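The values are calculated or read from the model by the stated rules, or taken from the named source; none is laboratory data. If you're wondering where the values come from, they're calculated on a predicted model, not measured in any experiment. Because the Cβ atoms are built from the backbone with ideal geometry, glycine has one as well, and the counts that use them run over all protein chains shown. The accessibility values were calculated without ligands, DNA or RNA, using every heavy atom of the protein model including side chains. Shrake-Rupley method; radii C 1.70, N 1.55, O 1.52, S 1.80 Å.
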There are 2 protein chains.
Amino acid sequence: MKAITIALLFFIAMTPQAKPIAIVVHGGAGRIDRDALTPERERLYHATLEQSLRAGHTILKRGGSALDAVEAAIVIMEDAPVFNAGRGAVFTAEGKNELDASIMDGRALQAGAVGGVTTVKNPIRAARAVMEKSPHVLFTNQGAEKFASDNGLEIVDPKYFFTERRWKQIQKWLKQQEATAKPQATAEPDRHADYFGTVGCVALDAKGNIAAGTSTGGMTGKRFGRIGDSPIIGAGTYADNRTAGISCTGHGEYFIRHAVAHDISARIAYIKESLAKAATDVVHTVLKQAGGSGGIIGIDAQGNVVMEFNTNAMTRGSIDTTGNLKTAIFK
Amino acid sequence: MKAITIALLFFIAMTPQAKPIAIVVHGGAGRIDRDALTPERERLYHATLEQSLRAGHTILKRGGSALDAVEAAIVIMEDAPVFNAGRGAVFTAEGKNELDASIMDGRALQAGAVGGVTTVKNPIRAARAVMEKSPHVLFTNQGAEKFASDNGLEIVDPKYFFTERRWKQIQKWLKQQEATAKPQATAEPDRHADYFGTVGCVALDAKGNIAAGTSTGGMTGKRFGRIGDSPIIGAGTYADNRTAGISCTGHGEYFIRHAVAHDISARIAYIKESLAKAATDVVHTVLKQAGGSGGIIGIDAQGNVVMEFNTNAMTRGSIDTTGNLKTAIFK
């Protein structure tokens, strides 16, 4: 009996294991007031995150690519008004919805991004089209819209992105700005922390490929033409099969100046930091010392998942390599 | 006598040395046909590089900031039609001049950038204004133009950027495209190598501050709205007093995907590579293996200067810490 057990264990150990698959998503980091969070909104956060994770994970389970999983997961969050991406995006100071997105394939470091689009229903799809159907990485504004339209992506009237909730936010923001008369006030990350929001996804597929994507409506009251970190490869998004995939959310300017997504990858590559250590250092030390609020999600080549943030909340979730699903909002 | 010599040497060794200052510029990398290069054009390259270096160096010698030196040096190259930045920029596939620029201050990792501007005379000044007068890092297209205009920068008619030479280039390019009917041809870096061009500058001032800046008209025949690496902090430009300042030129998409400027900084920070080693590895190994043509210039915290490129030419020059000026075109 003992011999059989040993033989069986030996057999299991020798069987080629299914390669790990994993997926992680975020729906933005910032300050969420626990008392003001209605049960309905809380339920919506969890339900949308779960739906997004399952959409991506189903693709991964069937042997699909990390890239397809990331796109599918982000499309669901873009279509859900509860998140600040696609429909439900925040308004600029001029009362418009300007959307940014990027995607990266860690296999050959291919990447695509769009900035400042106002008519593309799913900016993440436009980012992927830029990656796959153009020799370029980043298109902005009307050029990005023309490219998306030329490539058959769904174009919508700008009012498709309108939601009552975000409209009220910008009206309130404009009144505050008028009252303080400091429209360019800087270095007040906490005051603005509740306005961050972005969605993102990182996935590891059964072939060992890592992909990462990010999509956003930017910051409430951002100036016309401002581009944050979300469409910036190396800042808001990075993926390299040899290290990890990363998607960021937060006060974008800090993420650009510290090249956050690439920095985490570089720490893993150059000083063999674990993804967890690199993410913790960057989010809780580097960014925090600089005054940059936000968070990151990531998956490394072994399928380890991280979700780190230095705000009181980050809507997030993951299905890890054991198939365990979880979603969360607060710390 | 011997005692006096020793005392003198001791005195020299103890005297606080003047802190090193240095400046390096590039006017683009690519393929320049030696036989087709007219003496007049060759003279113009050297003369403009020297004028640019001296403008920046004069500021540094007087105790001015690296940031002022970088801006002054780049303005001269933007104003010179011989380089692909500002006046003399290449044309897009649609026959427009769309300009990108970025600047970074290595002291506190402040940065500013503009993308796709068509009416700002000196895009590098607009990048600096974004850094200093807005809470944002990157503005694009009309938003960038409005910001520049609101902040008192010189606005010109788009035809200010027109030069006969560049117009002939785009006409030739359009004919080639028609002939090959492959307007989106990728992975042919060498065919396009002669079209690269960008200007950049890195300076180290007497206070130990490093600044870097980059300005470009992009690639001949680029698609409407395409943004290259020049306005992307971490890709085309990076500066960190603790490591180095970097400005890149070349096939921008490769520089974005490999986060070239930040990668060089990260190698110095994390594995203590010298600037020379990091630049050599990234330009001649990483980029070359990926198929990315171009080059980089940089200065580290000790004042060491690098100018590395994997094309046959990069118009470039430096005034090193000993005050030695040199300009060059070929290897």
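Using unit Cβ charges (K, R positive; D, E negative) and no other charged atoms, how large, in debye to the nearest 20, is the dipole of region A:18-330 about its Cα centre?
The dipole of region A:18-330 has a size of about 120 debye.
Determine, from the Cβ-Cβ distance of A:LYS133 and B:THR285 and an R0 of 30 Å, the FRET efficiency 1/(1 + (r/R0)^6), rounded to the nearest 0.05.
0.55
In terms of modelled amide H atoms, which long-range or inter-chain residues lie less than 5 Å from the amide H of A:VAL120?
A:VAL156
With only alpha-carbon atoms counted, please give the Rg and Dmax of region B:18-330, in Å.
17.6, 60
For label points placed 7 Å from Cα toward Cβ, what is the shortest-first list of nm distances from B:LYS168 to its copies?
Label point to label point, same position, other copies: 6.5 nm.
What is the set of long-range amide H partners of B:SER274 at a cut-off below 5 Å, with H atoms built 1.01 Å from backbone N?
Under 5 Å from the amide H of B:SER274 lies no amide H from a residue far enough along the sequence or on another chain.
Of all GluC sites (Glu not before Pro) in region B:114-175, which ones are in loop regions per DSSP and have a Cβ with at most 15 other Cβ atoms within 10 Å?
B:GLU154
How many nanometers, to one decimal and shortest first, lie between the label point of B:GLU42 and those of its other copies, if labels sit 7 Å from Cα toward Cβ?
Copy-to-copy label distances at B:GLU42, shortest first: 7.7 nm.
Among B:ALA80, B:ALA55, B:TYR45, which residue has its Cα furthest toward the positive end of the charge dipole of region B:18-330, with +1 on Lys/Arg Cβ and -1 on Asp/Glu Cβ?
Sorting the options by dipole projection puts first B:TYR45.
Protein chains only, probe 1.4 Å: how do A:ASP105, B:ASP157 rank by accessible area, largest first?
Ranking A:ASP105, B:ASP157 by accessible area, largest first, yields B:ASP157, A:ASP105.
Residues of region B:68-110 with amide nitrogen under 12 Å from the 7 Å Cα-to-Cβ point of B:LEU174?
Flagged as within label range: B:91-96.
On the protein heavy atoms, probe 1.4 angstrom, tell me the percent of accessible surface of region A:76-122 carried by carbon and sulfur.
46
What do you reckon, how do B:LYS175, A:LYS121, A:LYS326 stack up by accessible area (1.4 Å probe), largest on top? Mind dumping the intermediate values first?
On the way: B:LYS175 145, A:LYS121 40, A:LYS326 115 Å².
The residues order as B:LYS175, A:LYS326, A:LYS121, largest area first.
Shortest first, in nm, what separates the label point of A:LYS146 from those of the same position in the other copies (7 Å along Cα→Cβ)?
2.1
For a protection proxy built on the mean count of beta-carbon atoms within 10 angstrom, sort B:65-71, A:211-217, A:21-27 highest first, please.
Descending mean neighbour count gives A:211-217, A:21-27, B:65-71.
Taking the dipole about the Cα centre of region A:18-330, with the C-beta of Lys and Arg at +1 and of Asp and Glu at -1, give me whichever of A:ALA203, A:THR327, A:THR249 is farthest to the positive side.
Result: A:THR327, furthest along the dipole toward the positive end.
What is the magnitude of the charge dipole of the protein assembly as shown about its Cα centre, with +1 placed on the Cβ of each Lys and Arg, -1 on the Cβ of each Asp and Glu, and no other charges, expressed in debye to the nearest 20?
It works out to roughly 420 debye.
So how exposed is A:LEU325, as accessible area in Å² (1.4 Å probe, rounded to 10)?
For A:LEU325, the solvent-accessible surface is approximately 50 Å².
Between helix B:260-271 and chain B, what is the angle of the helix's C-alpha long axis to the longest principal axis, kept within 0 to 90° and rounded to the nearest 10?
30
Compute for chains A and B the buried accessible surface, both sides summed, probe 1.4 Å, and express it in Å² to the nearest 100.
Buried area (both sides, nearest 100 Å²): 3900 Å².
I need to check one value: relative contact order of chain A, counting alpha carbon pairs closer than 8 Å and at least 6 residues apart, in percent.
24 percent.
Over the protein assembly as shown, what per residue volume does the convex hull of the Cα atoms give, in whole Å³? Working shown, then result.
Values: hull volume 132.1 nm³, N = 662.
Each residue corresponds to 200 Å³ of Cα convex hull volume.
Relative to the isolated chain, which residues of region B:261-285 have their accessible area cut by 10 Å² or more in the presence of all protein chains (1.4 Å probe, heavy atoms, no ligands or nucleic acids)?
Checking the loss per residue gives B:HIS262, B:ASP263, B:ALA266, B:ARG267, B:TYR270, B:ILE271.
With runs of 4+ DSSP H residues as the only contributors, calculate the mean residue ellipticity of the protein assembly as shown at 222 nm using -39,500 (n - 2.57) per run, divided by the residue total and rounded to the nearest 500.
The helix contribution divided over the protein assembly as shown gives -11000 deg cm²/dmol.
So what's the gap between the Cα centers of region A:208-257 and region A:95-122, to the nearest angstrom?
10
State the answer as a single residue: which of A:ALA127, B:MET219, B:LEU287 lies farthest towards the positive end of the charge dipole of the protein assembly as shown, with beta carbon charges of +1 for Lys and Arg and -1 for Asp and Glu, about the Cα centre.
Checked the options; the winner is B:LEU287.
Once you place label points 7 Å from the Cα toward the Cβ at B:ALA47 and B:LYS331, how far apart are they in nm?
Placing both labels 7 Å beyond Cα along the Cβ direction yields 3.0 nm.
Angle between the Cα long axis of helix A:66-79 and the longest principal axis of chain A, 0 to 90 degrees, nearest 10?
Around 40 degrees separate the two axes.
What number comes out for accessible area per residue over chain B if the probe is 1.4 Å? Units Å², please.
On the way: 12730 Å² over 331 residues.
Solvent-accessible surface per residue comes out at 38 Å².
Set the Förster radius R0 to 30 Å, insert the Cβ-Cβ distance between A:ASP150 and A:GLU94 as r into 1/(1 + (r/R0)^6), and round the FRET efficiency to 0.05.
On the way: r = 27 Å, r/R0 = 0.89.
Once rounded, the FRET efficiency stands at 0.65.
Taking beta carbons within 10 Å but only from partner chains, what does the mean come to for residues A:68-79?
0
Dipole magnitude of region B:185-311 about its Cα centre, charges +1 at Lys/Arg Cβ and -1 at Asp/Glu Cβ only, in debye to the nearest 20? Intermediate results must be reported in sequence, preceding the final value.
Details: 11 positive and 12 negative charges, 39 e Å.
Charge dipole of region B:185-311: 180 debye, to the nearest 20.
Which residue fluctuates the most in chain B, going by a Gaussian network model with Cα springs under 10 Å, if the choices are B:SER274, B:SER230, B:SER247?
Its mean-square fluctuation being the largest, the pick is B:SER274.
Could you give me the ³J(HN,Hα) list for region A:211-220, computed from phi with Karplus coefficients 6.51, -1.76, 1.60 and θ = phi - 60°, whole Hz, x at Gly and Pro?
Per-residue couplings from phi come out as 10, 9, x, 8, 8, 7, x, x, 9, 3 Hz.
What are the ³J(HN,Hα) couplings of region A:112-126, residue after residue, when phi is run through the Karplus curve with 6.51, -1.76, 1.60 and θ = phi - 60°? Round to Hz, x for glycine and proline.
x, 7, 10, x, x, 8, 10, 10, 8, 4, 10, x, 5, 5, 5
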